[in-house]
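Structure first, then comments.
Coordinate-derived values only; no laboratory data. Since this is a predicted model, take the numbers as computed values, not measurements. All Cβ positions, even for glycine, are placed from backbone atoms using ideal geometry, and neighbour counts span all protein chains on display.
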Amino acid sequence: VKKRFHFRRHREEGAGSARRGDLRRLRLPRSLRTLAMTAGVGLFPTFAKAVEIKPVVNAQLLGGQYFYNDANNAFGALASLSASPYMKFNDEWSLVPLYSGNYRGTKQVTDLVGGGTLFQDSQDHTISTKLVRSFSNDWKLKGVAGYGAELLRETKDEAWGKGLYDNRKIFGGVEAERDWAKDQYLRAAYDYYQIHFPNYTSLSSQADNSGLGRELDEPDALNTKNHSMTLSGQIALPANGRLEPTYSYTRRSYDNQFLVNNAGALVNELRHDSIHSIALQGTWPVWVESERRLFGGLTYGWTGLFSNQNHYDANQVFYNANYYAYKTNSMQTDWTLLVGEDPWMLRFTANIARQKYAGRRVQDATGVYGTDVTHVDSAYVSWTFSYPIAKGFHVMATASLGWDDSNNQYNAVYQYHYHTGTYLLGFSYAY
Amino acid sequence: MAVRGALALAVLACVTAFGIAAPATVQRVSGVVERRAPGMLEWQAVSPGDKIDEGSTIRTQANASAELRTPRGHQFQLRANTSLELTSIQDDETKTRLESGRVVSKVKHLKGEERFLIQTPTAVCAVRGTEFETSSSDHGTTVAVYKGIVGVSAMGSGAEMALTAGQMVNVHDGTIEIPHPIPPQSKNAADSALARTARHEVGLDMTRNEVMAAAAQEQRLAEYQEGKSLIDVEGKRVRLDEYILRPRPDTYKFVVLNQRDTRFDYFYYQGTFNKNLPTDLSVALRNLPGTVGTAPDYYLTGYETGQSNTQDSVHDTATGGHLVKIVSDGQGNYVLSDPADPTNTHTVAAATLQTDGTYKLYNPLTDSYTIATAAQKDAVSKLSVYIPENDSYRDLAPTDTAWRTRFNTYTHQLDNVTKIAYSQSGLTNVLATNLDASYTYAGGFVLPVTKTDPLTLDTTITNYYGDGTFEMYRTVFIDDLGKIAPQSAFEGLSTGASFKNELLKWNYEQQVSASEFHGRKIDLVVEPKIFIKSGLIQ
């Protein structure tokens with residue numbers, strides 16, 4: 001998701017570009033089972049007798065370079081790790097503890113680029129635990145809770161933990177899933193999450209001491225509370241294809257952000273956003289032999305954001321109602337070629353998207369507002385090659401190109417027109 | 001986990017004709033591959049070309065593989081850690097038993113009643129001209145079909161399921177799961193139901209994490225698009241917020257706030273107008289720089305600007321604001337008049353040749369003088385005026401009537417110390433300050449010195465005062481990355497409408513230092529429009 005905001009599903013076979021490989025079935029001795037129960041699942045000691053643990057691990061370490069409008073950035077590294085000791089206590093209960101983390105020492109073409117920092121360094125860490133109750137009629141009920149932190153060093157003067165847009169997420173949710181066959185399921189989920197920006201305080205709330213503050217200006221203007229509902233599934237298509245439809249709705253509340261009116265003043269009403277998102281992803285085997293397989297995929301995505309917040313540009317003395325609302329349409333195609341018993345893989349992805357704002361007016365190069373509404377077009381292509389070198393290990397090479405364009409010509413504070421490129425080389429590991 | 005069911009054998013389509021046993025041939029060997037003849041206990045190494053008799057078992061070790069071909073032309077590709085017994089190698093029947101591991105079978109078109117079977121501890125696969133892969137482990141059997149059709153049945157069950165090309169299925173505990181497409185990057189061996197479930201659940205959690213990360217990034221994107229986070233000339237983040245306040249019905253205040261890691265700077269401009277302001281401020285503010293043609297409805301009667309780093313300050317105030325009408329007499333002079341007092345008028349020469357050959361040029365819009373050489377005279381004489389209809393600037397034409405606001409008093413202070421001030425010298429409104437006002441300077445005079453970088457738009461103006469103090473303004477025009485605008489971007493423009501229109505494409509950073517600040521400075525990044533409109537940028 002960059003500013004295109006469409007979400008890539010982590011399919012069970014293909015999260016990351018490397019094959020996950022076999023999972024090892026572990027039978028723990030009684031002492032270790034007891035320890036595991038005490039440490040992680042103390043609430044369910046009776047399950048300890050038969051606990052099975054399936055580790056799921058994915059890791060990547062890549063190094064490369066990023067280009068922005070033909071200017072190259074310094075070499076940087078990307079590293080990611082997700083690890084879960086999936087625990088099955090019996091046919092009814094299982095637990096999914098998960099850690100996932102990323103370090104980004106260089107940008108990728110799908111990252112936020114137009115904000116204009118050539119120097120970027122970030123890391124994020126998320127831990128979560130999900131309890132799953134399985135029923136004999138193919139239904140599963142799940143409860144999940146977790147916590148995440150994202151740290152950013154976007155400029156030369158920011159240190160770890162001091163980034164302006166560092167954020168913390170706390171989340172919990174429930175989910176029902178009916179899995180009537182392998183790769184065929186339907187699920188409905190409700191998630192609640194809060195996003196806090198601990199280092200962000202609105203400037204105007206800090207200006208009270210100078211006599212320049214505004215009434216109703218709260219410091220934590222970016223913090224949000226989110227209620228999200230998701231319906232998704234995976235069903236079979238003709239010709240051995242499969243379809244993954246997803247619909248989600250999110251109600252986002254800004255409890256510290258008041259609306260601005262056409263006089264440029266804040267009024268005593270809080271901002272609320274509603275986000276609807278639909279994704280349809282189809283995948284078909286195009287050519288399948290034992291050691292040569294080609295799969296093609298097509299994804300259509302639509303996102304609509306609706307907000308009651310407006311915008312007042314004090315510099316231009318211009319009131320822009322319905323400034324934040326937009327609709328995004330995107331199309332993506334993926335082609336994956338696998339060759340060999342322990343296959344090497346070549347994947348090609350191409351994506352185009354248009355984000356059209358409902359009321360955000362275009363600006364010319366000097367900032368003057370026009371009558372058209374702003375749209376932002378983006379496209380990217382990427383190639384990924386991975387080759388197995390040992391059990392679970394692959395060498396990887398990936399190259400990507402991205403383009404952004406818009407009918408908004410004002411680039412003094414945000415770049416609407418640019419092209420980027422990235423190449424990365426490294427290793428991946430899956431267990 | 002409960003284990004269900006007994007295992008049984010189900011058989012499929014086939015045969016009748018009675019065939020003759022003949023050995024299979026080893027086509028290819030990689031790594032350690034061994035065979036055990038029927039009734040024997042010891043294992044022997046296998047080489048390409050070896051014959052494997054009916055009833056023999058062939059096995060591969062870790063990282064090994066082998067390929068066999070039967071006299072009928074059927075092929076078996078054995079993967080690592082695989083054990084396969086050649087139960088029957090007849091013209092009319094090829095039957096094997098896969099104890100463990102993975103085998104890809106490439107089956108020739110079957111003749112008549114010919115049968116091709118692979119049996120595992122949990123399943124039987126019967127084939128009708130096909131290419132398929134079978135894997136067997138403690139968790140059951142997985143069959144993936146690449147070409148043709150394979151009939152699959154669970155041990156102990158008579159029911160057979162026909163699996164077509166592109167499909168795979170898992171057989172375990174006496175049951176056959178519903179077939180599904182062969183997924184990308186599938187690895188059949190040991191791909192147990194538990195492993196798939198674990199990956200499925202982890203995948204769902206990772207998707208949730210991505211959604212939340214996208215939400216946080218979207219909020220960050222909005223901040224960037226609204227210009228609330230920029231990079232200054234030193235590569236540091238500078239947060240920017242601009243908004244307006246309305247302290248009184250006839251007054252508005254424009255506020256710019258900057259924050260960096262260790263500092264907070266602000267600028268404000270408060271204007272008091274001749275009448276109450278409308279809801280849509282732009283109606284009044286488009287008159288702020290003055291008008292061309294008709295007199296403006298709104299004009300300032302006073303203003304106040306301030307810049308501060310919360311410790312030091314630059315403070316300017318003006319009072320007694322009134323309109324001045326400016327016309328050209330067509331003879332090289334500007335005629336300035338007071339619409340409220342027709343007797344109050346001045347005629348000022350646009351250019352005066354001085355004894356050193358330079359020209360003293362009068363700008364009636366800014367009420368200031370500039371010294372220019374003969375070569376510079378025409379360019380410097382171009383005066384830009386703001387055109388509110390299209391929110392841009394154009395050069396003033398000789399036939400234009402311009403309207404500007406003048407003030408009767410003005411004070412410029414640093415840390416509350418007055419450095420420059422003027423007040424009207426008579427009873428009439430000030431039309432031109434050098435004619436109608438009395439100036440005072442700290443120490444009696446001020447000497448401005450300008451230093452300009454030859455390559456970039458980086459200019460420093462230092463005012464030296466008669467009392468030995470100074471104030472210094474460094475102004476740079478930067479893009480959103482903090483990169484200073486090159487002189488080439490302005491193509492030699494230094495004044496006039498084109499210059500101002502180009503300035504609007506850049507961000508403006510001004511660093512102020514002064515004797516009174518004792519080494520500290522005020523450092524502000526703003527979008528430049530308000531500075532141009534308010535006359536701080538000439």
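Overall shape: prolate for segment B:321-370, with the ratio a/c of the largest to smallest alpha carbon gyration tensor axis at 1.5 or above and a/b above b/c.
Summing charges over neighbours of B:L336, with a neighbour being any other residue whose Cβ is under 15 Å away from its Cβ, gives -3 when K and R count +1 and D and E count -1. With a Förster radius of 22 Å applied to the C-beta separation of A:A145 and A:S253, the computed FRET efficiency comes to 0.65.
Could you state the per residue volume, in Å³, of the convex hull enclosing the Cα atoms of chain B?
Working: hull volume 157.7 nm³, N = 538.
Convex hull of Cα atoms, per residue: 293 Å³.
Distance between the 7 Å Cα→Cβ label points at B:T347 and B:K521: 4.8 nm. With each label modelled as a point 7 angstrom along the Cα→C-beta vector, the A:A321-A:A350 pair spans 4.2 nm. The aspartates and glutamates whose alpha-carbon is closer than 17 Å to the alpha-carbon of B:K382, local same-chain residues fewer than 8 away aside, are B:D329, B:D367, B:D395, B:D400, B:E491, B:E502.
Amide H to amide H distances under 5 Å link B:L457 with B:F477, B:A485, B:Q487, where only residues 5 or more positions off or on other chains count and H is placed in the peptide plane. On the basis of the beta-carbon distance and an R0 of 60 Å, A:D138 and B:Q27 show a calculated FRET efficiency of 0.85. Positive contributions from Lys and Arg (+1) and negative ones from Asp and Glu (-1), summed over other residues with Cβ under 10 Å from the Cβ of B:Y146, come out at 0. When the protein assembly as shown is described by a simple charge dipole with +1 on each Lys and Arg Cβ and -1 on each Asp and Glu Cβ, the residue from B:N209, B:H74, B:V169 located farthest towards its positive end is B:H74. Cα centroid separation, segment A:222-280 to segment B:266-333: 45 Å. Return the FRET efficiency for the residue pair B:T440, B:D395: r is the Cβ-Cβ distance, R0 is 45 Å, and the value is rounded to the nearest 0.05. Rounded to the nearest 0.05, the efficiency is 0.80. Residues whose amide H lies under 5 Å from that of B:N408, counting only those 5 or more places away or on a different chain, are B:T319, B:G320, B:G321; hydrogens are built 1.01 Å from N in the peptide plane. Descending by average beta-carbon neighbour count within 10 Å, the peptides A:211-218, B:295-302 line up as B:295-302, A:211-218, the highest first.
Please report, in debye to the nearest 20, how large the charge dipole of the protein assembly as shown is about its Cα centre when each Lys and Arg carries +1 at its beta carbon and each Asp and Glu carries -1 there. It would help to have the intermediate numbers written out before the result.
Working: 96 positive and 103 negative charges, 625 e Å.
About 3000 debye.
Over segment A:343-421, Cα pairs under 8 Å with separation of 6+ residues give a relative contact order of 30 percent. Principal-axis analysis of the Cα atoms of chain B puts helix B:193-225 at an angle of about 10° to the longest axis. Here segment B:59-178 is assigned +1 on the Cβ of each Lys and Arg and -1 on the Cβ of each Asp and Glu. Its dipole about the Cα centre then comes out at about 400 debye.
Figure the gain on full extension for B:K108 and B:L427 (residue separation times 0.36 nm, minus the Cα-Cα span) and round it to one decimal in nm.
Values: separation 319, 0.36 × 319 = 114.84 nm, distance 11.46 nm.
Gain on extension, B:K108 to B:L427, equals 103.4 nm.
For B:S157, the residues whose amide H sits under 5 Å from its own are B:A8, B:L9, B:A10, ignoring neighbours fewer than 5 places away on the same chain, with H placed 1.01 Å from N.
Residue by residue, segment A:324-333 carries 3J(HN,Hα) couplings of 8, 5, 7, 10, 10, 10, 9, 10, 9, 10 Hz when phi is fed to the Karplus relation 6.51 cos²θ - 1.76 cosθ + 1.60 (θ = phi - 60°); x denotes Gly or Pro. Largest first, the three principal axis extents of the alpha carbons in the protein assembly as shown are 131, 58, 46 Å in whole numbers.
Want the number for B:W43 to B:D261: 0.36 nm per residue separation, take away the alpha-carbon distance, what's left? Working it through step by step, the gained length comes to 71.1 nm. Within segment B:279-312, name every residue whose backbone N is under 15 Å away from a label modeled 7 Å from Cα of B:T366 along the Cβ vector. B:289-290, by backbone N distance to the label point. Structure note, pairs A:K162/B:K505; A:K356/B:K253; B:K483/B:K521; B:K377/B:K451; A:K391/B:K108; A:K156/B:K451: Cα-Cα distances above 23 angstrom occur for A:K162/B:K505; A:K356/B:K253; A:K391/B:K108; A:K156/B:K451.
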